[in-house]
Amino acid sequence: QVQFVESGGGLVQPGGSLRLSCAASGSFFSNSVMDWYRQVPGKQRELVAVISSGGDSTYYADSVKGRFTISRDNAKNTVFLQMSNLKPEDTAVYYCNRRPTTNWGQGTQVTVSS
């Protein structure tokens, strides 16, 4: 069964940094494109960053480009999201998933506030 466990969220001041982790269970991980999404209550889930199965290709939404970095460790079935220069509008619950998407984890809350 595919399962994702996100962690690393918290409360941070504007301009601060956080590193999110997503541990995946299942044999699919090293062969899968992985995504980070975020969701604000009442809004659709937004794609934030994408990384290829080998980690050599990435994509970022314009809203986070230059501030967020996605990476992965296939030996540990884990994908990361390094977030820097955080802004209040980055406040959301962050989720990871593979492509095509499967069941969602519980997410990790990121709150950017002074």
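The values are calculated or read from the model by the stated rules, or taken from the named source; none is laboratory data. What you see is a predicted model; the values in this text were computed from it and never measured. Quick reminder, even Gly has a Cβ in these numbers, built from the backbone with ideal geometry, and neighbours come from all protein chains shown. These area figures cover heavy atoms from the full protein model, side chains too; ligands, DNA and RNA do not enter into them. Shrake-Rupley method; radii C 1.70, N 1.55, O 1.52, S 1.80 Å.
Among the residues of the range 32-58, those that are polar (S, T, N, Q) and out of contact with any helix residue (DSSP H, G or I) (no Cβ under 9 Å at 6 or more places or on another chain) comprise S32, Q39, Q44, S52, S57, T58. Give the residues of the range 65-108 that are touching a strand residue (DSSP E or B) at 6+ places or on another chain (Cβ under 7 Å) and closer than 14 Å to F28 by Cβ, sorted by residue number. Residues satisfying the conditions are R72, N77, T78, V79, C96, N97, R98, R99.
Looking only at residues in the range 85-114 that are farther than 14 Å from S21 by Cβ and of a type in the set (G, A, S), which one is least open to solvent (accessible area, probe 1.4 Å)? Once the filter is applied, the top-ranked residue is A92. Given the structure, is S30 among the polar types (S, T, N, Q), more than 17 Å from G105 (Cα to Cα) and open to solvent by less than 50 Å² (accessible area, probe 1.4 Å)? So S30 does not fit the description; no.
Mind counting the residues in the range 54-72 that are small (G, A, S) and open to solvent by less than 40 Å² (accessible area, probe 1.4 Å)? Looking only at that region, the number is 2. Screening S63 with (1) hydroxyl-bearing (S, T, Y); (2) in contact with a Ser or Thr (Cβ under 7 Å, 6 or more places away or on another chain); (3) closer than 23 Å to G15 by Cβ; (4) in a loop (DSSP other than H, G, I, E, B) gives one miss only, at (2).
Annotation note: Cβ proximity below 8 Å between a residue of the range 4-16 that is surrounded by 16 or more Cβ atoms within 10 Å (Cβ to Cβ) and a residue that is basic (K, R) (sequence gap 6+ or interchain) occurs for G8/R19.
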